[in-house]
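The block underneath contains the structure these notes are about, expressed in structure tokens.
Values quoted throughout were computed directly from the atomic coordinates according to the rules given, and no laboratory measurement underlies them. What you see is a predicted model, and the numbers here were worked out from it, not measured in a lab. Here the Cβ positions follow ideal geometry from the backbone for every residue, glycine too, while neighbour counts run over all protein chains shown.
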Amino acid sequence: RPSPPTNDRPGGGHNRPPPGGNYWDHSRPRPPGGYWNNNHWNQRPVYAPPFRYPHGYGYRRWSAGLFLPALFFSTAYYYSDYGILGLGAPPYGYRWVRYGPDLLLVDIRTGRIRDVRYGIF
């Protein structure tokens, strides 16, 4: 039986950072309202206005490596307050995109999801 996925970085999620990359900004203190759980830092959900899915869409649990539809590459879905979550600025060509309760780091040229934070909102 395989062992469960591990997470060796603060901030939550089960996606490991790519080689040479980690999206947790270690120079910033952890934001208030989080807690340690099984040696991992978990962020309590952040209040945000209700998310309105576009027509024909509902909640889907995205994961790194999948491609987000281009419909979500607009300022209506971009999330720019990543600093309050203790996240670093996205690399050039990437955006943090809100999808329901989750936050996705997406390459806006290709739509490929690079990192996911579940249950942020």
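Quick rundown of the values:
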| read-out | value |
| --- | --- |
| Length gained when the stretch residue 57-residue 92 is fully extended (0.36 nm per residue, less Cα-Cα span) | 9.8 nm |
| Local electrostatic count at residue 113 - Lys and Arg +1, Asp and Glu -1, tallied over other residues with Cβ under 12 Å | +3 |
| Mean projected area (nm²) of the alpha-carbon convex hull when the stretch 49-109 is viewed from all directions | 4.5 |
